[in-house]
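Engineer: For reference, the structure I am asking about is given below.
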Amino acid sequence: MTDSGSQPGTSPAQTSKQEGPWAEAEGRLSRALRDLGQTSWLVTVLSVVVALVVGAVLILGANEQVQGSLSYFFAQPTDFLETSFQVLREAYSSLFRGAVFDWQASSVERAIRPLTETMVYSVPLILAGLGIAIGFRSGMLNIGGQGQIILGATSAGFLGYALSLPVGLHVLLALAGGIIGGAIWGGIAGVLKARTGANEVIVTIMLNNIAIYLLAWLLKQEWFKQTGSNQPLSSSVDDSAQLFSLLGPGFRLHAGFLIAILATVFVWWLLERSTIGFEFRAIGENPEAARTAGINVTKATALVLIVAGGLAGLGGAAHVLGTEYRIAGGIAGSLGFDAITVALLGRSKPLGTFLAGLLLGGLRAGGVLMQAQTGTPIDIVLVLQAVIVLMIAAPPLVRTIFFLPRADGRPRLRKNRRRAQAGGADESASRESTLATASSGSAPTTTQEADK
Amino acid sequence: MKLELRGVTKRFGSFTANDRISLTVEPGEIHALLGENGAGKSTLMNTIYGLYAPDEGEIRLDDEPVSFNGPGDAVAAGIGMVHQHFMLIPVFTVTESVALGYEPTRAAGIMDMKQAREKVLEISGRFGFDVDPDARIEDLPVGAQQRVEIIKALSRDAKVLILDEPTAVLTPQETDELITIMGQLRDSGTSIVFITHKLREVRAVADRITVIRRGAVVGETTPKSTETELAGLMVGREVNLTTAKEPAVPGDVSFSVQGLTVLSPMDKVVVDNVDLEVRRGEILVIAGVDGNGQSELAQAILGIREPVAGRILLDDQDLAPLSVKQRLAAGLGFVPEDRSTDGVIGAFTVTENYVLDMYDTAPYAGGPGNVALRLPVMRKAAQTQAERFDVRMGSVDAPISTLSGGNQQKVVLAREMSRDLRLFVASQPTRGLDVGSIEFVHRTVIEERDKGTPCVIVSTELDEALNLADRIAVMYRGRIVGIVPVTTSRDVLGLMMAGVPLEEAKQQAATHHTMLSEADEMAEAEENK
Amino acid sequence: MKRSFKTSGAFAMTAAAALVLSSCGEAPEEESEGGDAAASEGTDYKACVVSDEGGWDDRSFNQSAYEGLQMAIDELGIDHAEAQSTAESEYAPNVDTMVQQGCDVVFGVGFLLEEGLRLAAESNEDTNFALIDSYFNEEELEGELTNGKPLVFNTGEAAYLAGYVAAAMTETGTVGTWGGVQIPSVTVFMDGYADGVERYNEDNDADVELVGWDKEEQSGTFSGDFSDQTQGGEVTEQLLSQDADIIMPVAGNAGVGAGPVLEDADAKMIWVDSDGYESTDFPDIMLTSVMKEIGQSVYATIEEGVAGEFTSEPYVGTLENDGVGLAPFHDFEDEVPSEVQDAIEQLRQEIIDGETVVESENAPS
């Protein structure tokens, strides 16, 4: 009963063959990643719904008017309900107006501007998110988006104001610099993992810190900043290196959004249609089988993080060359971590990541107006994000909340599943049933007959 | 204690793993539960052991209905289970292992190891187990580890003992010892449920046999039934237990291994100075109990494990400098031991798995540097080969994990045999497969042999070795104990698998028959009547 | 990000819990809705604030600016809006949103908002802007900025006094300071402090040593950020081990970490930005504080605006206009010798009169 592909790596023959507990832990991690990357669309959507509900509760909890009306809830409950409804409607409608379309705006230009703002916010999220998604698909948890973005932004920005080149060439060179900066940073983690087996989670986290301090140090160096001031802020990127505006003045939308679209298509092609992506996915799904099939796992592992870093670096570059124009210590904000959310929410698929990037960009853009207009703390947006991640990371939670059946068609686990795991003894049984379920699900015949 | 199941049903979603199963295990009876992989045996036992709650039906102990909220309840009620994969912690001593999860304590919560130790000695003495309570688990042979598991169950006063595929990891001689132990336990009043798919053992040891197929009981019988009858019940049709094959027509030696030595990651010698020669059109089976270096030998041939000494020669070409990819391209066909970990990628489609080691070569890849996959070509080739190999599936675009093990293995074979092979190596190619698929795999291997390809098959199943081989090399602790013709008797092979050199094994076997071979002889005699 | 998320989450949870517990009250009589309407009766002037990444609860300039706004709301009855930024990329959009909200004046807290505020000021001439803690970048300006007012603080002047007091009060002959991150708005404190110590040595022929900052070399001890209190404590330990017994952390929240360490070592602390005697949990060891009256400057700017007297004239907080200052000694009032107190007063006057100039390359420029 070792035949179900859905639960590899549980037989003792295999564990003994793997190299020690580390390898096994790695296997477990990549399996967990795979699960994370493959939650169903339904769970994803419902996670967002749950997040909005939790957000609603927090908005109400933080609102003074609601607090006031709740203090006499039992005397006059309608007051509370009315106030709550008003507050929520205002909060979420301003979130929408800030992110998509502002029907209260003074001009047409201002009315459609929110959507373009959403797109502006989404550019680095999409690009870095694609990098993270490639990692997920390849079984690697790349936490280093932050550092890779910083390196990309720093390289691109520096090339953007330190060189003077003709218009087209300058921006291309700066973008390339961003890609290379990020790729080097990702590559360090990749090579360390591939050559020494270092855990990429730890390495990339450390590289994030190094990147932050490296940038802080650079921002103290005259040769780097090229400004007269002693503030830790670089000079502005030359016009020739800026990503051109797509809609003209009054809008911040820039060519970076086109780059994000192209990158999405490219990543799709890379993962689904190229031999490199085939190797990436193979080592992500089952490195043992990949090695047995002759794939150079070491090389592919390093390459995954180089490509992922390059994409994150490109995100950082687009951020600097299209939006910020200057490098400051907080240039990456929380982009690197939001990108993880984006990749998770996008189920590690290119299109999904693109859409998730837009969604998170929208939350960011809308949050600004929501805060300004209704006084709702911007932190609510962070809570929404956090709840979404929580829900996606624990699909059973969502299924429980909405009384959904399990993804694999089995009924929701009752306590016996917990027991089974506690006992640690049902491997063969569960494999047996998973296989049987799977085969009976897809083919009309059952296992035994199909084998004849 | 009497164990009784009445209409036990267990469903997972739309799939019914156990369908109204009823059976009774009398006190002091060895009751064999026979069925193919995937028939629902393990689910049923896990239900009895409290890991699953049955959806319908009831479990009775001594005519009292019981319901368990977990293995703890089952243990308390007197049910013990020895899993196929032992639940032991390698660095613990025997005493500690037995005490684990039970932990006799004195006042103030101090563990009473003395008491536990005495218990081990007492049980071990009662059944003549010969287990040192202070030995560390990792230092014990597999058979002894299994006895520790049994002691563990007995120390909790198990009246019903469930043994899940207990012989899978044992040499024939160790199996023999286990059979003796089972007999003693039965005589002392313990009821035993013996789960297996091995027909010979069932007939040698069981008092009664319940056969289940596709989750339901299809028959209850006695050990008097012949193997063919049992197999027929188990599979649901008539089966050939042996594959017909022409005698080998060996050609020149084309593949050889010379002085090969491989170390484990812990620098233990796992393959020890192995010499092998395989001729064209010949099947050499490497037999031995699991974990004696066969897997590592196969891996070294493939190139995912680097030998520290020795040479691997294919048609006079040294394979050492070649990468895995280059070896495969040079005409090595390789079927790995663990299909789900090494052979296929479960989440990949049938097509993707079919091209798993050819995806970057023409015609499956094109464009500059062969960087672009040609999906239509891949799909078409997969479709054609799947039909040739009779793979039953929904579509080539379905994840391979939705296929049964047998069909997955067919995809692996189809993949490996789609190239022009100069050498075919398969590790445990039929492990976990049903009878039908085993027949198919054997036929395919023999066809490859008949094309003149040298074949090396690693197998831990003596039946398979005898069925498939032209010659058998027995491996024990990394060394080749001997290379013998296929006419060698089971007893001799069994002794060799325990490390006894050929000549000595012949002498021993002449004076001492195992129970299994005795049962064989009796059966033969009966059939001849 | 993490911090503000935690606090607000916890806050909202607590609030929700409190609401449930107190929901049995009486319904109020019908009345006009909410308090906002009442507040806006005073004037229809709208003042808005955009924070930097620190957020409103940073116990530093964001918080001070916010308090200034609150004061203006309470006392002038103005309308208001505020936007807390969680990332650098939000500065420009936040400022833009404020302009769209019809704010009369938009405050940006911190030099990082300079660009956003400057660009907004150039394209929105009807709105006034005030930049806290930084001047506008003259080089980038196209012409004169008539609707942008920098609010800056020469904290070096007040730190100078603090350095003098520290040098006068040390028993070991060594005083210390450390910063969060080496940026001008931090090191300007440390420069002034260093000069104050130097001044004491000159005047009294003493040899008090300063550890943690070298003004000449512009190098010293930094904890790395403004939030890690553990790191703040460790840095403080380091300075203590070099014999310092009076330490001035310039590190926002991270400086709080110095408190327990100093308490254990029986050493004294000098706080910055606000009066640490009131704003921290360590009044017992608080010798004095170097205060930066951001709230006051915000209030004053709004007051000007309400009166229609907004100018782009920079506001420079100095000892002279009480924009910066030394906090009272509180519990140490009796321990600081009167001649030291007199000397401080005299120095203060000298600085105000321009006789003594506190120079720092990190002073606002």
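The values are calculated or read from the model by the stated rules, or taken from the named source; none is laboratory data. Small disclaimer: the values here were computed from a predicted structure and weren't measured. With ideal geometry, Cβ positions are generated from the backbone for all residues, glycine too; neighbour counts draw on all protein chains shown. All accessible areas refer to the heavy atoms of the entire protein, side chains included, with ligands and DNA or RNA removed. Shrake-Rupley method; radii C 1.70, N 1.55, O 1.52, S 1.80 Å.
Engineer: Say the dipole of the stretch A:118-377 comes from +1 at the beta carbon of Lys and Arg and -1 at that of Asp and Glu; which of A:S235, A:V297, A:L169 then lies farthest toward its positive end?
Structural biologist: The residue sitting farthest along the positive end of the dipole is A:V297.
Engineer: Where the accessible area of the stretch A:118-377 is counted over protein heavy atoms with a 1.4 Å probe, how much of it, in %, is carbon and sulfur?
Structural biologist: 71
Engineer: Using +1 on the beta carbon of Lys and Arg, -1 on that of Asp and Glu, and nothing else charged, what's the dipole of the stretch C:181-327 about the Cα centre, debye to 20?
Structural biologist: So the magnitude is around 380 debye.
Engineer: Now for a different question. Indicate the residues belonging to the stretch A:53-93 that lose 40 Å² or more of solvent-accessible heavy-atom surface (probe 1.4 Å) upon moving from the chain alone to the assembly of all protein chains, ignoring ligands and nucleic acids.
Structural biologist: Buried-area filter returns A:L58, A:G61, A:Q67, A:L70, A:S71, A:Y72, A:F74.
Engineer: Given a Förster radius of 45 Å and the C-beta distance between A:K220 and A:R273 as r, what FRET efficiency does 1/(1 + (r/R0)^6) yield to the nearest 0.05?
Structural biologist: The calculated FRET efficiency here is 0.45.
Engineer: Could you tell me the total accessible area buried at the A-C interface, probe 1.4 Å, in square angstrom to the nearest hundred?
Structural biologist: Roughly 4000 Å².
Engineer: Right, something else. Placing +1 on the Cβ of each Lys and Arg and -1 on the Cβ of each Asp and Glu in chain C, which of C:M190, C:G54, C:V316 has its Cα farthest towards the positive end of the resulting dipole?
Structural biologist: C:G54
Engineer: Next up: Can you compute the modelled spin-label distance between C:E339 and C:N321, with each label point 7 Å from Cα toward Cβ, in nm?
Structural biologist: Once both label points are built, they end up 3.7 nm from each other.
Engineer: About its Cα centre, how strong a charge dipole does the stretch A:118-377 have in debye, to the nearest 20, once Lys and Arg get +1 and Asp and Glu get -1 at the Cβ?
Structural biologist: Result for the stretch A:118-377 is approximately 260 debye, rounded to the nearest 20.
Engineer: Further question on the same structure: Carbon and sulfur: what percent of the stretch C:148-270's accessible surface (1.4 Å probe)?
Structural biologist: 35
Engineer: Among DSSP bridges having both ends in the protein assembly as shown, what percentage is antiparallel? Round to the nearest 5.
Structural biologist: 45
Engineer: Taking a probe of 1.4 Å, how large is the accessible area per residue of chain C, in Å²?
Structural biologist: That works out to 43 Å² for each residue.
Engineer: How tilted is helix B:142-155 with respect to the longest principal axis of chain B? Cα atoms for both, answer in degrees (0 to 90, nearest 10).
Structural biologist: 30
Engineer: Between the alpha-carbon centers of the stretch A:61-104 and the stretch B:35-94, tell me the distance in whole angstrom.
Structural biologist: If you average the Cα positions of each part, the centres end up 55 Å apart.
Engineer: B:I162 accessible area, nearest 10 Å², 1.4 Å probe?
Structural biologist: Spelled out: B:I162, probe radius 1.4 Å, area about 0 Å².
Engineer: Residues in the stretch B:281-295, backbone N under 19 Å from the label point at B:V249 (7 Å along the Cα-to-beta-carbon vector): list them, ranges by number please.
Structural biologist: B:281-284
Engineer: Check which residues have an amide H placed less than 5 Å from C:V49's amide H, if you skip close sequence neighbours.
Structural biologist: It is C:A81, C:E82, C:A83, C:F107, by chain and number.
Engineer: Return the calculated 222 nm mean residue ellipticity for chain C, to the nearest 500 deg cm²/dmol, obtained by summing -39500 (n - 2.57) across DSSP H runs with n ≥ 4 and dividing by the residue count.
Structural biologist: For chain C, the value works out to -13000 deg cm²/dmol.
Engineer: With charges set only on the Cβ (+1 for Lys and Arg, -1 for Asp and Glu), what does the dipole of the protein assembly as shown come to about its Cα centre, in debye to the nearest 20?
Structural biologist: 9980
Engineer: A follow-up question, please. Just to confirm the number: angle between the C-alpha axis of helix C:2-21 and the first principal axis of chain C, 0 to 90 degrees, nearest 10?
Structural biologist: Roughly 60 degrees, rounded to the nearest 10.
Engineer: Could you compute how much accessible area chains B and A hide from each other, both sides summed, with a 1.4 Å probe? Nearest 100 Å² is fine.
Structural biologist: Roughly 5900 Å² of accessible surface disappears when B and A pair.
Engineer: Here's a follow-up. Angle between the Cα long axis of helix C:294-306 and the longest principal axis of chain C, 0 to 90 degrees, nearest 10?
Structural biologist: So the helix axis and the longest Cα principal axis differ by about 40 degrees.
Engineer: Buried by at least 50 Å² relative to the chain on its own: which residues of the stretch B:66-97 qualify, computing accessible area with a 1.4 Å probe on protein heavy atoms?
Structural biologist: B:N69, B:H85
Engineer: Return one whole number: the accessible area per residue of the stretch A:118-377 in Å², for a 1.4 Å probe.
Structural biologist: Accessible surface, normalised per residue, equals 31 Å².
Engineer: Leaving out ligands and nucleic acids, and using a 1.4 Å probe, what accessible area per residue does the stretch B:212-286 come to in Å²?
Structural biologist: Computed with neighbouring chains in place, this is 51 Å² per residue.
Engineer: How far apart, in nm, are two points set 7 Å out from the Cα along the Cα-to-Cβ line at B:R443 and at C:Q238?
Structural biologist: About 7.7 nm separates the two model spin labels.
Engineer: Still on this structure, I have one more. Quantify, in whole percent, the carbon and sulfur part of the accessible surface of chain B (1.4 Å probe; protein heavy atoms only).
Structural biologist: Roughly 49 percent of what the probe reaches on chain B is carbon or sulfur.
Engineer: Heavy atoms only, probe 1.4 angstrom, no DNA, RNA or ligands counted: give me A:Y213, C:Y299 ranked by accessible area, highest first.
Structural biologist: Ranked list, largest accessible area first: A:Y213, C:Y299.
Engineer: Along the charge dipole of chain B, pointing to its positive end and built from +1/-1 on Cβ of Lys, Arg, Asp and Glu, which listed residue (B:M417, B:L302, B:I195) has its Cα farthest out?
Structural biologist: B:M417
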